[in-house]
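Written out below as structure tokens is the structure these notes cover.
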Amino acid sequence: MTDTVDKIPAPTVPPEQIKAIPVRHYGRWVAGAAVIAILVLIGIAFSNAKINYGVIPDYLTDGTILSGVWHTLYISVLAMVLGLVLGVILAVMRMSTNPVTSTVAWFYVWFFRGTPVLVQLLLWYNIALVFPILNLGFYKDEMNQVMTPFLAALLGLGLNEAAYMSEIVRAGIQSVDEGQTEASHALGMTQGKTLRRVVLPQAMRVIVPPTGNEFINMLKTSSLAYAVQFNELIKRATDISSTSLAVVEMFFVASIWYLILTTVFSIAQYYIERRYARGSSRNLPPTPLQRLRKNLRLFGSFRRPEVAR
């Protein structure tokens, strides 16, 4: 009788009766309230500032400002293309077994990464002080006529960008397994064909994200071309402010346009990265809309991400 009683299992609580209560994070409420209070104070400060906000929408579509936006986009794209092409060449030279080419590429990267972009722009703009006449044998002209603000901005931005792009491309090439190159050579492919057909396509997954970041940074760095009198966005905004005396308002206009440009290209960069990630990731990262919906749900619940559904 005792053995029978001992074998009776103890009663268990059904799983459906267990109610999971998420941990409340009061610190999040305090932090959120503090952030909102700071934003309110900033808003009050700017609302009481001596800024004529009414003229900002009018100047956003002003012809002079739109011309500056176009020149900013134009010089950024051309400088990025120049930097990308030279960057690929420098990366190949840097990885070459030839000590001369590898040393020249290393010196180029060392010099242009070690000096400020503004100094490089000013050097190109004032190069006529060093070389008054440009003589290429088949072409001869005064340097002041050749070195226009556009050319000075293009060379200053593009050659500087090439130094950074060469390191990005070199890192992408080195990320490809050496077995891919050995297999290509075993099939009879030349070094150049292996680089174009096998290595670079696989390296794009590593090259594309930082390249997109560099282009977005180029959009903002192009504002330094103001120093060489190139008619980009900041130059156009200051031209208007010198006559209208709306100095701060024009800086707001320029900032809004920079935000628009960087936002548009950031979205494009995201989808390009998502496309190149298809071959390396089974689960693609969520789109910005999906992340926004998830963040809104988390914000409404103030719960941990792993608890919220």
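Listing for the model above:
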read-out: Matching residues in the stretch 193-220 - criterion: being of a type in the set (S, T, N, Q) and surrounded by fewer than 19 Cβ atoms within 10 Å (Cβ to Cβ); value: 194, 202, 213, 217
read-out: Whichever residue in the stretch 78-99 is assigned to a helix (DSSP H, G or I) and either open to solvent by 60 Å² or more (accessible area, probe 1.4 Å) or in contact with a His (Cβ under 9 Å, 6 or more places away or on another chain) (or both) and, among such residues, is farthest from residue 216 (Cα to Cα); value: 99
read-out: Filter result (open to solvent by 40 Å² or more (accessible area, probe 1.4 Å) and either on the phi > 0 side of the Ramachandran plot or small (Gly, Ala, Ser) (or both)) within the stretch 231-251; value: 242, 244, 245
read-out: Extreme residue, least open to solvent (accessible area, probe 1.4 Å), among residues of the stretch 123-169 that are polar (S, T, N, Q), out of contact with any Leu (no Cβ under 8 Å at 6 or more places or on another chain) and assigned to a helix (DSSP H, G or I); value: 160
read-out: Of residues in the stretch 160-183 being of a type in the set (D, E, K, R) and modelled with pLDDT under 85, the one nearest to residue 211 (Cα to Cα); value: 177
read-out: Residues being in a helix (DSSP H, G or I) and either open to solvent by less than 90 Å² (accessible area, probe 1.4 Å) or touching a residue at least 40 places away in the same chain (Cβ under 8 Å) (or both) - total across the stretch 18-33; value: 6
read-out: The stretch 252-282, residues that are surrounded by fewer than 16 Cβ atoms within 10 Å (Cβ to Cβ), at pLDDT 90 or above and out of contact with any Leu (no Cβ under 8 Å at 6 or more places or on another chain); value: 255, 259, 260, 263, 264
read-out: Residue check for residue 62: among the acidic types (Asp, Glu), farther than 21 Å from residue 157 by Cβ and open to solvent by less than 50 Å² (accessible area, probe 1.4 Å); value: yes
read-out: Matching residues in the stretch 222-238 - criterion: being out of contact with any Asp or Glu (no Cβ under 6 Å at 6 or more places or on another chain) and closer than 18 Å to residue 73 by Cβ; value: 223, 224, 226, 228, 230, 231, 232, 233, 234, 235, 236, 237
read-out: Unique match (being closer than 30 Å to residue 203 by Cα and of a type in the set (S, T, N, Q)) among 76, 47; value: 76
read-out: The stretch 252-267, subset without any contact (Cβ under 8 Å) to a residue 12 or more places away in the chain and not hydroxyl-bearing (Ser, Thr, Tyr), residue farthest from residue 53 (Cα to Cα); value: 264
read-out: Criterion (among the β-branched types (Val, Ile, Thr), open to solvent by less than 50 Å² (accessible area, probe 1.4 Å), under 30 Å from residue 274 (Cα atoms) and more than 18 Å from the chain's Cα centre (by Cα)) met by exactly one of 176, 228; value: 176
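Residue-wise test of (1) outside any helix (DSSP H, G or I); (2) at pLDDT 90 or above; (3) surrounded by 14 or more Cβ atoms within 10 Å (Cβ to Cβ).
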| residue | (1), (2), (3) |
| --- | --- |
| 35 | no, yes, no |
| 39 | no, yes, no |
| 43 | no, no, no |
| 51 | yes, no, yes |
| 54 | no, no, no |
| 58 | no, no, no |
| 67 | no, yes, yes |
| 71 | no, yes, yes |
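The values are calculated or read from the model by the stated rules, or taken from the named source; none is laboratory data. Quick caveat: nothing in here was measured; it's all calculated off a predicted structure. Because the Cβ atoms are built from the backbone with ideal geometry, glycine has one as well, and the counts that use them run over all protein chains shown. Heavy atoms of the whole protein, side chains included, go into the accessibility calculation; ligands, DNA and RNA do not. Shrake-Rupley method; radii C 1.70, N 1.55, O 1.52, S 1.80 Å.
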